[in-house]
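In what follows, a single structure is set out as structure tokens and then discussed.
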Amino acid sequence: MWVVATAGHVDHGKSTLVRALTGMEPDRWAEERRRGMTIDLGFAWTALPSGGTVAFVDVPGHERFVPNMLAGVGPVPAAMLVVAADEGWMPQSAEHLAALHALGVAHGLLVVTRADLADPAPALAQARAEIAATSLGEVPAVAVSGVTGAGLPELRAALDRLVAGLPDPARDAPVRLWVDRAFTIRGSGTVVTGTLGGGRLRVGDQLDLAGTGEPVRVRGLHCLGTARDEVAAVARVAVNLRGVSRDRLARGEALLTPGRFHRTDLLDVRLAGDPAADLPATLTLHVGAAAVAARVRPLGPDTVRLRLARPLPLLIGDRAVLRDPGRHHVAGGVTVLDVAPPPLARRGAAVARAKALAELDGRPDLAGELRRRLLVRAGDLTRMGVPVSTPPVAGDWLADPTHWRRLAGRLTAEVSRYAREHPLEPGVPVEALRHRLDLPDRALVAALLTPPLRLRAGRVTAAAVDALPEPVSRAVARLRAEFGDRPFRAPEAERLADLGLGPREIGAAVRAGALLRLAENVVLLPGAVDDAVRVLARLPQPFTLSAARQALDTTRRVAVPLLELLDRRGATRRLPDDAREVVTGPSA
Ligand SMILES: Nc1nc2c(ncn2[C@@H]2O[C@H](COP(=O)(O)OP(=O)(O)O)[C@@H](O)[C@H]2O)c(=O)[nH]1
Ligand SMILES: [Mg+2]
């Protein structure tokens, strides 16, 4: 089954056309039939020549009911734009087309109706040109008369070709069913309807209400007027719900697969077309079948932060319409860039955020999200609409690779520092490391450990150091204490000899990860490499050997082999004139 929404100016023949195609009455209300005007959404369906079924969401054309129109087209990926031959292009032809464009609708059909009343050619030519400039692009066009039936076979054939070109829905996706109607049926209780764009529904399923998060159960399902045990996308569905009364449900609510969506009242979006400069402070955000007041805070030239009056289950990449309800026109389309944006409390945070947003395009990007969030739970990202394809570093934590390497370096340095400050303790308590590295979970500390570091009885120790012969580990402990706050002042050869650290002992300590050997009789503590990179990164780049030596507060005897080691590890780069620079980015 496929779902197509109508669009077009009032009285251009949309409902007449749906009636002629389906034999069903899309205007459901007595008032609509009395006034001969669609006020709310109508629903009807028919079999196509190919055997497939197309359901129509028939929308009102009157400018007063544009919000209803938006609720109907919001979840629907294809549109049938209707223009009357005798009236041609009119204001709501343009406004409806603008809404379809704002939502990024890419599949459509132009129908010029009332072709029995006037030559359809001029209306057709103008409408085609208007449509060609939008997300719909070049669309097929058919001239019909809903009264004489002329052109209807061609229209059915064109609809068949239209639906054949629609993308296949993701049937294993979680369900986000935007409610476009809610009512009570005597004997059954609460029923909601909507366009199921992805996933599947079964009788007995538990779903969450987006508004409150409370659980509801599917008691019955109807599709095309028939009871079903299961309905897969794409479909128009009616869902009979257990566990919720009618007055708790309204258009704009959504039924969700539990735990699969992030409900947010704060989001960052990109505006299409017009710049953000002179937007009113409050607009209405139309997304899915929902319409919610939004406070607008401009960030970049085409990016804004929206604070919603109530939370919605939004995904990165969702398309929506911002509309000024007072001025009766579509202010523009938005693409959701971030549904869990950082607060803008610090000074300069808004400017930094605008810069970050300038690089986003609404396509979920795992590497980019990790780069911005550094550490994040896989479940949190999938709930925002980001597919996760990399393994977690611990539990369901994902880490940005560069950040993770830096954390590992900091962890080693913290372990050494702690050992210096608490020489008598058998290692660092895990909680102390978690706190010092500002990690949200102790499991991350454990995951950062690499030999010779290991976890024993809630503390992190350099395991192999314990395995060194007593005199050597005691000598290393003395050295560690003597470094004090000058980590690059390597002890003189005589001092090493005094402590009983000859080449063999030093070799054992290096293998155990307790010392770092730069050259014969030149040793530092293992954390010195990372410390040195941090110190050097603060120098004006590039820097000379002498500048490095001074910054590190050491001598040529240490600085020369230390810089060579950093070169080999790719942390620094030696330039042709012998100056160096710190390599930033992933290889550092
Ligand atoms: N002659 C003629 N009248 C039509 C045709 N389609 C619609 N109408 C008339 O135009 C008026 C508005 O039609 P309707 O379907 O309600 O327009 P909507 O507001 O776009 O849904 C009604 O009086 C219809 O009978 C057509 O193809 N030929
Ligand atoms: Mg109508």
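The values are calculated or read from the model by the stated rules, or taken from the named source; none is laboratory data. Treat the numbers as computed from the prediction; the structure is a model and nothing was measured. Every residue, glycine among them, receives a Cβ derived from its backbone with ideal geometry; neighbour counts consider all protein chains shown. Accessible surface is based on the protein model in full, side chains and every heavy atom, while ligands, DNA and RNA are left aside. Shrake-Rupley method; radii C 1.70, N 1.55, O 1.52, S 1.80 Å.
Quick rundown of the values:
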quantity: Tally of residues being open to solvent by less than 60 Å² (accessible area, probe 1.4 Å) and part of a strand (DSSP E or B) across region 222-242; calculated: 10
quantity: Failed item, numbered, when Ala477 is tested on (1) aliphatic (A, V, I, L, M); (2) over 26 Å from Ala571 (Cβ atoms); (3) open to solvent by 30 Å² or more (accessible area, probe 1.4 Å); (4) modelled with pLDDT of 90 or more; calculated: (4)
quantity: Residue count, region 1-31 (criterion: aliphatic (A, V, I, L, M), more than 10 Å from ligand 1 (Cβ to nearest atom) and open to solvent by 20 Å² or more (accessible area, probe 1.4 Å)); calculated: 3
quantity: Check on Met80, closer than 22 Å to Leu124 by Cβ, in contact (Cβ under 8 Å) with a residue 24 or more places away in the chain and either within 12 Å of ligand 2 (Cβ to nearest atom) or crowded, with 23+ Cβ neighbours inside 10 Å (or both); calculated: yes
quantity: From the options Ser50, Ser93, residue that is among the polar types (S, T, N, Q) and in contact with an Asp or Glu (Cβ under 6 Å, 6 or more places away or on another chain); calculated: Ser50
quantity: Count of region 32-64 residues which are over 23 Å from Gly194 (Cβ atoms) and more than 11 Å from ligand 1 (Cβ to nearest atom); calculated: 6
quantity: Any hit, region 47-60, residues being touching a residue at least 12 places away in the same chain (Cβ under 8 Å), within 16 Å of Pro91 (Cβ to Cβ), surrounded by 17 or more Cβ atoms within 10 Å (Cβ to Cβ) and in contact with a helix residue (DSSP H, G or I) (Cβ under 8 Å, 6 or more places away or on another chain); calculated: yes
quantity: Options Leu97, Leu70; residue that is within 16 Å of ligand 2 (Cβ to nearest atom) and more than 18 Å from Thr16 (Cα to Cα); calculated: Leu70
quantity: Pairs, first under 17 Å from Ala55 (Cα atoms) in region 23-38, second more than 10 Å from ligand 2 (Cβ to nearest atom) and outside any loop (DSSP other than H, G, I, E, B), C-beta under 6 Å, six or more apart; calculated: Met24/Ala44; Pro26/Ala44; Asp27/Arg33
quantity: Conditions (1) within 15 Å of ligand 2 (Cβ to nearest atom); (2) at pLDDT 95 or above; (3) open to solvent by 10 Å² or more (accessible area, probe 1.4 Å); number of the one not met by Asp86; calculated: (1)
quantity: Subset of region 258-281 that is open to solvent by 40 Å² or more (accessible area, probe 1.4 Å) and modelled with pLDDT of 90 or more - its residue that is nearest to the chain's Cα centre (by Cα); calculated: His262
quantity: The lone exception for Val76 - which of (1) under 18 Å from Gly252 (Cα atoms); (2) of a type in the set (Val, Ile, Thr); (3) assigned to a strand (DSSP E or B) it fails; calculated: (3)
quantity: Single unsatisfied condition, Gly74 versus (1) surrounded by fewer than 18 Cβ atoms within 10 Å (Cβ to Cβ); (2) in contact (Cβ under 8 Å) with a residue 60 or more places away in the chain; (3) within 26 Å of Leu285 (Cβ to Cβ); (4) not acidic (Asp, Glu); calculated: (1)
quantity: Filter result (in a helix (DSSP H, G or I), touching a strand residue (DSSP E or B) at 6+ places or on another chain (Cβ under 6 Å) and of a type in the set (A, V, I, L, M, F, W, C)) within region 84-115; calculated: Ala98, Ala99, Leu100, Ala102
quantity: Candidate set: region 1-22, residues that are part of a strand (DSSP E or B) and more than 8 Å from ligand 2 (Cβ to nearest atom); chosen: the one farthest from Thr38 (Cα to Cα); calculated: Trp2
quantity: Lone qualifier among Asp400, Asp380 - being crowded, with 16+ Cβ neighbours inside 10 Å, farther than 18 Å from Ile316 by Cα and acidic (Asp, Glu); calculated: Asp400
quantity: Tally, over region 137-176, of residues that are under 25 Å from the mean Cα position of the chain (by Cα) and either surrounded by 14 or more Cβ atoms within 10 Å (Cβ to Cβ) or under 26 Å from Asp116 (Cβ atoms) (or both); calculated: 6
quantity: Qualifying residues in region 32-46 (those that are more than 13 Å from ligand 2 (Cβ to nearest atom) and open to solvent by 50 Å² or more (accessible area, probe 1.4 Å)) - the one nearest to the chain's Cα centre (by Cα); calculated: Trp45
quantity: Strands (runs of 3 or more DSSP E) contained in region 282-358 and holding at least 1 residues polar (S, T, N, Q); calculated: 282-287, 303-313, 329-338
quantity: Among (1) in a loop (DSSP other than H, G, I, E, B); (2) within 18 Å of Ala235 (Cα to Cα); (3) under 33 Å from the mean Cα position of the chain (by Cα) - the single one Ser50 does not satisfy; calculated: (3)
quantity: Matching residues in region 73-82 - criterion: being closer than 18 Å to Leu196 by Cα and modelled with pLDDT of 85 or more; calculated: Val73, Val76, Pro77, Ala78, Ala79
quantity: Filtered residue count, region 89-120, keeping only those that are more than 37 Å from the chain's Cα centre (by Cα) and either surrounded by 24 or more Cβ atoms within 10 Å (Cβ to Cβ) or within 10 Å of ligand 1 (Cβ to nearest atom) (or both); calculated: 8
quantity: Scope region 266-313; condition among the polar types (S, T, N, Q) and more than 16 Å from Glu359 (Cα to Cα); matching residues; calculated: Thr282, Thr284
quantity: Residue match in region 519-526 (condition: touching a residue at least 24 places away in the same chain (Cβ under 8 Å) and more than 28 Å from Asp567 (Cβ to Cβ)); calculated: no
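Residue by residue, here is whether (1) of a type in the set (A, V, I, L, M); (2) at pLDDT 95 or above holds:
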position	(1), (2)
Val147	yes, no
Arg156	no, yes
Asp160	no, yes
Ala173	yes, no
Leu177	yes, yes
Asp180	no, no
Thr190	no, no
Leu201	yes, yes
